[in-house]
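Notes to accompany the following structure.
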Amino acid sequence: MVAVSHPLSEPPSGPTRSGATTSTGEQPTQLKRVLGPKLLFFFVLGDILGTGIYALTGSVAGKVGGALWLPFMLAFLVAFLTAFSYLELVGKYPKAAGAALYTQKAFGIQFLTFMVCFTVMSSGITSASSAARAFGGTYLKEFVTAPTWAVAIAFILLIAYVNFRGVSESVKANVVLTCIELSGLVLIIGIGAYAVLQGRADFSRLTEINTADTTALLAVTSATSLAFFAMVGFEDSVNMAEETKDPARVFPKAMLLGMGAAALIYILVAVASSSLVPTDVLAGAGSGALFEVVKAGAPAFPPEVFAAIGLLAVGNSALINMMMASRLLYGMSNERVLPKFLAHVHPGRRTPWSAILFTTAIAAVLAGSLDVTRLGSTTSLLLLGVFCIVNVAVLVLRRDRVQHQHLRAPT
């Protein structure tokens, strides 16, 4: 059961003194509160879907074999447990900065907080830079040829402009892009269903586990660890707490529904992929595995359409990650862990413009000149440590009572 903690006393609603909260857990903020339940749901869904399933299907198939659906299901269960820690903490402390903020409140160790902040920021910027290079080096090449580094930098600058324009514009763009990338996955599921009706699906592959050079347990574990990073986008959303209306009430339903929808889509895509395409073909195709599914199930379908969907999917992933990274730095600057200039908010747009400029500059350098693959692997590993810290922090902070209702995760 999920319990709800009861307020010690009900503070008056309406304007509050600096640092106080209303009965709904809202705190005064310079940022603009525009995210309601629907927009937050699409933010979570778009962040989890991102480019993960588009890029990881082949790699996971190479690890586990035909039982492609199993690692994605296990990854969801693992992520689901950690999500409850985030939900309790974002309900108690509805401020930007997410895991770094919770670390600071629980342990009060500046160096540890900085390392958590640096790790989460790095994961976001690395993901955005990788998406920018995929945009210029993979998907766009289906239509035009241009230097990858130039396209990647231009792409990052465009993302920065949308981010600066305002959270309202950014999340509305996210809704449109999420619907488009979702259509690509629905297309894969539909192709799989059509192939089943035509009798062209081989369901015997769904129980095959690759044990050529390892045990079944190690194969599944290895594939699950890879699939896990296709599910971790949910934690980015807590950095948007200061731009969410009534965050203590809105976050639990939006995050859990978003994660559940993403998990269902991932499993259905995995079943369609594995039943239509042999495992060795999926593994050999790498990030182009879903192209192979389209070719096998619907040979007449124009590949350019799916390439265009992939183009917009990586754009959505980059936008969400850059929004998260800038809000993280803004929140940590307000907590005095980072320099104060990163907390500057544009008076008209009400967006953290200095943090946006700072993160954009780093992302542009990475996207334009460096191979971010190794950096991405390292930050992904470090994120596991961040999740462990958050799971401990939620227990440590049980002694810190707040005067508003919020979700209480099962101990």
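The values are calculated or read from the model by the stated rules, or taken from the named source; none is laboratory data. In this text, all values refer to a predicted model and were calculated from it rather than measured experimentally. Cβ atoms come from the backbone with ideal geometry, glycine included; neighbour counts cover every protein chain shown. Quick note on the areas: whole protein, heavy atoms, side chains included, nothing else; ligands and nucleic acids left out. Shrake-Rupley method; radii C 1.70, N 1.55, O 1.52, S 1.80 Å.
Structure values in brief
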read-out: Failed condition for Pro299, given (1) open to solvent by 10 Å² or more (accessible area, probe 1.4 Å); (2) at pLDDT 90 or above; value: (2)
read-out: Residue in the range 262-283 that is modelled with pLDDT of 90 or more, surrounded by fewer than 23 Cβ atoms within 10 Å (Cβ to Cβ) and touching a strand residue (DSSP E or B) at 6+ places or on another chain (Cβ under 6 Å) present; value: no
read-out: Any hit, the range 28-37, residues being in a helix (DSSP H, G or I) and buried (at least 24 other Cβ atoms within 10 Å of the Cβ); value: no
read-out: Which numbered condition Ala67 misses (of (1) part of a loop (DSSP other than H, G, I, E, B); (2) within 30 Å of Leu158 (Cβ to Cβ)); value: (2)
read-out: Residue among Thr119, Thr103 that alone is buried (at least 24 other Cβ atoms within 10 Å of the Cβ) and either in a helix (DSSP H, G or I) or in contact with a helix residue (DSSP H, G or I) (Cβ under 8 Å, 6 or more places away or on another chain) (or both); value: Thr103
read-out: Residues of the range 70-87 that turn out to be crowded, with 22+ Cβ neighbours inside 10 Å and closer than 14 Å to Leu268 by Cα, as a count; value: 4
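For every residue, the table says whether it meets (1) of a type in the set (Val, Ile, Thr); (2) under 19 Å from the mean Cα position of the chain (by Cα); (3) at pLDDT 85 or above.
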residue	(1), (2), (3)
Leu319	no, yes, yes
Met323	no, yes, yes
Val337	yes, no, yes
Lys340	no, no, yes
Ile356	yes, yes, yes
Val365	yes, no, yes
Thr379	yes, yes, no
